[in-house]
Amino acid sequence: MRLLCSLILICFAVTAWAQEPTRIAPTQGKYNPERTKKNDLIHTKLELRPNWAKQHMTGVATITFRPHFYPQNTLELDAKGFDIQMVRMKGKELKFDYDKQVLKIDLGQTLTRKDSAQVQILYIAKPNELPQGGSAAITADKGLYFINPDGKDGDKPRQIWTQGETEANSCWFPTIDAPNQKTTLEIYITLDKPSVDAKFLTLSNGKLISSKVNSDGTRTDYWKQDKPAAPYLTMIAVGDFRKVVDPNYKNFEVSYYVEPQFEKYAMNIFGRTPEMISYFENILGVKYQWDKYSQIAVRDYVSGAMENTTATIHGDFIQKDNKQLVDDNDDGVIAHELFHHWFGDLVTCESWSNLPLNESFANYSEYLWSAHKYGQDEADLVAYIAFNQYFSEAQEKKEPLIRYRYKDKEDMFDSHSYAKGGRILHLLRKQVGDEAFFASLKLYLTQNAFKTGEIDQLRLAFESVTGEDLKWFFDQWFLKPGHPDLQVTQEYTNGKLKLNISQIQDTTYSPIYRLPLQVEVWANNQKTTHEILVDKASQSFEWNLASAPQLVLLDPENVLVGRVLFQKTKEEYIYQYYHAERVPARLIALEVLTYVPDDSLATNPVVFDKDVRKALIDATKDKFWRVRQLAVQKLYDYDGDDFLEVERALQSRVQSDERSYVRADAIIAMKGFQNAQNDKLFRTALRDTSYTVQAAALEAIFASKPSDAAELAKQFEQSYNTSIFSAVAGYFAEEASPEKFDWFMERLTKMGGGDLYQVLGIFGTYLVKSTPDVQKKSLPFLKKVVLKDTQFYVRFAAFQTLALLTDLPEVKEILKEAINTEKDERLQRVYQQYKDL
């Protein structure tokens with residue numbers, strides 16, 4: 001599973017690090033072991049018939065199973081909120097107990113592990129009648145979702161889809177809903193007459209064996225997967241999709257399911273998938289083991305994406321036209337879900353406590369693919385983002401990666417399991433070397449194929465290949481919370497460079513780490529690299545050096561999953577920017593050089609001295625786009641010395657930068673530079689190949705309040721692209737014309753997820769400046785969003801917008817209802833400040 005996170009590059013500037021390490025105790029929840037296996041699933045056959053009107057699923061489940069070891073006379077299946085109509089074996093009805101959570105079937109006989117048996121359950125699943133649940137990672141847990149079931153929402157297609165992780169598939173079919181079970185599948189999906197139209201396609205696990213129109217006018221699609229996978233990886237989807245089979249891959253079917261308007265873009269969205277398959281097969285030495293690989297985009301998805309075996313589901317964010325793809329593609333999430341078909345689907349974590357055996361590897365695949373396809377700089381950026389995601393989370397929690405104590409299994413889906421885990425795998429790769437790393441992964445996959453795994457099996461695979469005892473590595477990185485905090489000082493006297501390193505992390509819970517590290521030393525503009533081992537609370541390292549160092553760089557490749565407190569001078573950081581080979585070191589240098597405490601921003605303009613200005617100007621021409629973008633962002637609305645040189649540097653980025661994000665940010669940086677030359681540059685950018693650049697140009701032009709602003713707004717107001725909408729909406733919000741209310745509503749009702757979150761603030765500005773009559777007209781829409789949107793952050797954005805309108809008596813009642821019905825703990829905490837409404 002891929003989580004949708006805000007990928008914000010966080011810089012831990014040295015001034016912000018001069019403090020005691022945060023002391024956070026790991027969670028002391030109950031112990032959560034692997035679920036005991038009384039019976040083993042063998043095969044699951046589902047005959048399904050969705051009822052769109054009632055949003056129910058009528059099903060017949062035929063479960064083949066056998067006792068795991070000890071004799072059994074009952075079979076317990078997870079089955080949440082069903083109407084159980086009958087349970088039978090060999091045509092004979094069986095007795096059962098059912099508490100709406102677990103179906104306990106009396107088999108009427110005792111079976112041994114040498115016996116297999118088959119039960120058949122007739123049931124109706126009613127997902128909408130289940131208690132609401134969910135988490136930050138997976139925002140709902142009812143398993144089966146009907147989207148626009150009655151077809152009354154003209155802005156949204158009718159769809160059915162499922163989301164099984166962690167244990168939600170038992171909301172639509174009976175199973176042993178635990179990751180340590182494996183089952184083969186047959187799934188029959190019967191669609192009623194209104195849905196038999198050719199535009200309605202189905203998708204499920206494995207191969208489509210047949211699609212048959214029945215005598216009553218219904219249609220039954222039959223899907224079969226003959227290799228076992230965990231129950232949570234079972235899926236179905238139904239809707240008006242277009243299927244595009246990739247013509248560039250012949251070994252098995254690779255296909256993409258998208259909404260009709262994106263059919264012509266499907267290859268541009270997903271078309272690197274065959275190359276990913278071949279690359280992952282090559283580095284792992286293990287072939288893709290499944291019958292096909294399909295990817296589908298669905299509406300209102302409750303997570304980022306999900307690696308259902310042979311049939312990955314993506315949220316509709318992945319559907320982009322070519323102008324959106326100019327900015328970026330979604331190779332990271334595509335690689336992530338594909339890699340799960342080795343780590344997660346082929347070998348599955350035996351318990352949610354071992355989830356990093358799935359998610360750390362999928363996270364690391366994003367780095368692997370970026371390095372292979374786009375080069376080391378792009379991979380370093382992926383790593384840097386992951387590094388900062390974990391450290392942002394570590395300010396509030398520090399947990400072991402493999403943790404058997406948690407309050408809720410959903411707590412495992414965090415930046416520890418994903419981002420930290422991926423970075424630790426890279427550390428492991430550096431520890432043992434590339435050849436041993438990938439040979440160990442091959443051994444782990446082949447030894448445990450179609451089975452489950454725990455962390456010790458991964459360790460033993462590495463020890464078998466390398467011949468080394470690696471328990472120290474796995475203990476400190478996988479089984480202990482926290483990370484190393486290194487305090488570093490340097491001295492140069494009598495021709496010797498001395499580097500002092502102390503581990504200052506809280507050792508109440510975290511160990512004194514064993515850290516093989518590199519030190520890069522620059523003197524006389526020459527670089528030398530030294531290998532050191534930090535394994536004590538305090539250590540010193542010395543090297544002969546003919547002259548004082550210009551720069552000492554600890555961990556120059558940014559491999560360490562830890563913080564480094566290393567005071568450097570301005571001159572050293574400038575030298576670091578110009579000489580560091582890796583992207584994170586250059587980004588950090590620029591961030592520290594331009595660091596301004598938050599409390600001084602409101603009262604003092606940002607002023608950079610000439611050396612920092614020069615570094616920033618030079619950085620606008622850096623070889624890597626993210627460094628150029630950061631330099632441009634630091635020059636927003638610049639008003640100081642060397643103004644003309646800064647302006648020329650920004651103009652150059654607008655005119656010629658190959659990356660659209662840099663062009664767009666350069667325009668925004670210049671929007672206060674109002675002169676004819678820049679206005680011409682902005683208007684030329686209105687024809688850019690990127691929506692993001694066009695939107696930035698519109699925003700910059702509107703900022704100067706030109707006489708043709710209304711004409712420009714009219715020219716772009718028909719666009720449904722979120723960036724263009726935001727620029728035009730910003731103009732309309734300032735004008736606050738009542739006639740534009742319908743324009744806002746027409747577009748807002750078509751949006752969801754991050755897009756809606758992004759623009760609700762603009763809509764709030766429009767409403768604040770509008771009349772009470774206009775404000776009242778917005779309340780039904782805002783009430784629907786704040787109470788029912790599937791994404792917590794969208795509900796919060798609607799809450800904030802409503803909070804601007806509390807002069808209306810109706811608004812306070814809506815806000816009270818939102819506070820009283822909110823299930824998300826984060827929002828509950830935030831809403832405490834509004835309890836006196």
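The values are calculated or read from the model by the stated rules, or taken from the named source; none is laboratory data. These numbers come from a predicted model, not from an experiment. Positions of Cβ are backbone-derived with ideal geometry, glycine not excepted, and every protein chain shown enters the neighbour counts.
Worth pointing out:
- Unmet requirement for residue 436, which otherwise passes all of (1) part of a helix (DSSP H, G or I); (2) within 16 Å of residue 287 (Cα to Cα); (3) among the aliphatic types (A, V, I, L, M): (2)
- Only one of 138, 105 that is without any contact (Cβ under 8 Å) to a residue 40 or more places away in the chain, among the hydrophobic types (A, V, I, L, M, F, W, C) and farther than 22 Å from residue 450 by Cβ: 105
- The residue that is surrounded by the most Cβ atoms within 10 Å (Cβ to Cβ), counting only those in segment 439-478 that are in a loop (DSSP other than H, G, I, E, B) and of a type in the set (Gly, Ala, Ser), is 449.
- Hits in segment 758-793 - residues which are among the aromatic types (Phe, Trp, Tyr) and either over 23 Å from residue 305 (Cβ atoms) or modelled with pLDDT of 95 or more (or both): 763, 766, 781
- Filter pass, residue 741 being among the aromatic types (Phe, Trp, Tyr) and within 27 Å of the chain's Cα centre (by Cα): no
- Only one of the listed residues (707, 719) is part of a loop (DSSP other than H, G, I, E, B) and either touching a strand residue (DSSP E or B) at 6+ places or on another chain (Cβ under 9 Å) or farther than 24 Å from residue 637 by Cα (or both). That residue is 719.
- Identification of strands (runs of 3 or more DSSP E) wholly contained in segment 128-195 with 1 or more residues that are of a type in the set (D, E, K, R) and touching a strand residue (DSSP E or B) at 6+ places or on another chain (Cβ under 7 Å) yields 183-191.
- Restricting segment 312-345 to residues that are charged (D, E, K, R) and closer than 18 Å to residue 751 by Cα, the residue that is surrounded by the fewest Cβ atoms within 10 Å (Cβ to Cβ) is 321.
- Where residue 422 falls short, out of the listed (1) closer than 30 Å to residue 30 by Cβ; (2) touching a strand residue (DSSP E or B) at 6+ places or on another chain (Cβ under 8 Å): (2)
- Only a single criterion out of (1) buried (at least 23 other Cβ atoms within 10 Å of the Cβ); (2) without any contact (Cβ under 8 Å) to a residue 60 or more places away in the chain; (3) in contact with a Ser or Thr (Cβ under 6 Å, 6 or more places away or on another chain) is not satisfied by residue 366, namely (3).
- Residue count, segment 203-232 (criterion: out of contact with any Lys or Arg (no Cβ under 7 Å at 6 or more places or on another chain), surrounded by 15 or more Cβ atoms within 10 Å (Cβ to Cβ) and outside any strand (DSSP E or B)): 3
- Test: residue in segment 342-356 that is at pLDDT 95 or above, in a helix (DSSP H, G or I) and within 17 Å of the chain's Cα centre (by Cα): yes
- Segment 761-794, residues that are surrounded by fewer than 21 Cβ atoms within 10 Å (Cβ to Cβ) and closer than 24 Å to residue 318 by Cβ: 788, 789, 790, 792, 793
- Positions within segment 795-817 being small (Gly, Ala, Ser) and surrounded by 21 or more Cβ atoms within 10 Å (Cβ to Cβ), in sequence order: 797, 798
- Residue among 252, 200 that is surrounded by fewer than 20 Cβ atoms within 10 Å (Cβ to Cβ) and under 19 Å from residue 289 (Cβ atoms): 252
- Sub-6 Å Cβ pairs linking a first residue in segment 258-283 that is farther than 17 Å from residue 298 by Cα to a second residue that is surrounded by fewer than 21 Cβ atoms within 10 Å (Cβ to Cβ) and of a type in the set (A, V, I, L, M), at least 6 apart or interchain, are 268/325, ordered by first then second residue.
- Only one of the listed residues (599, 611) is modelled with pLDDT under 95, farther than 20 Å from residue 385 by Cα and among the charged types (D, E, K, R). That residue is 599.
- Within segment 296-315, the set of residues being at pLDDT below 95 and of a type in the set (Asp, Glu) comprises just one member, 300.
- Residues considered: 782, 804. Of these, the only one that is closer than 23 Å to residue 836 by Cβ, out of contact with any strand residue (DSSP E or B) (no Cβ under 9 Å at 6 or more places or on another chain) and without any contact (Cβ under 8 Å) to a residue 40 or more places away in the chain is 782.
- Selected residue (only one of 808, 804, 787, 815 is in contact with a Pro (Cβ under 9 Å, 6 or more places away or on another chain) and either on the phi > 0 side of the Ramachandran plot or hydrophobic (A, V, I, L, M, F, W, C) (or both)): 808
Here's the yes/no breakdown for (1) surrounded by 18 or more Cβ atoms within 10 Å (Cβ to Cβ); (2) outside the structural domain of residue 371 (by TED's automatic domain parsing); (3) over 19 Å from residue 618 (Cα atoms):
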| site | (1), (2), (3) |
| --- | --- |
| 548 | no, yes, yes |
| 552 | yes, yes, yes |
| 560 | yes, yes, yes |
| 582 | yes, yes, no |
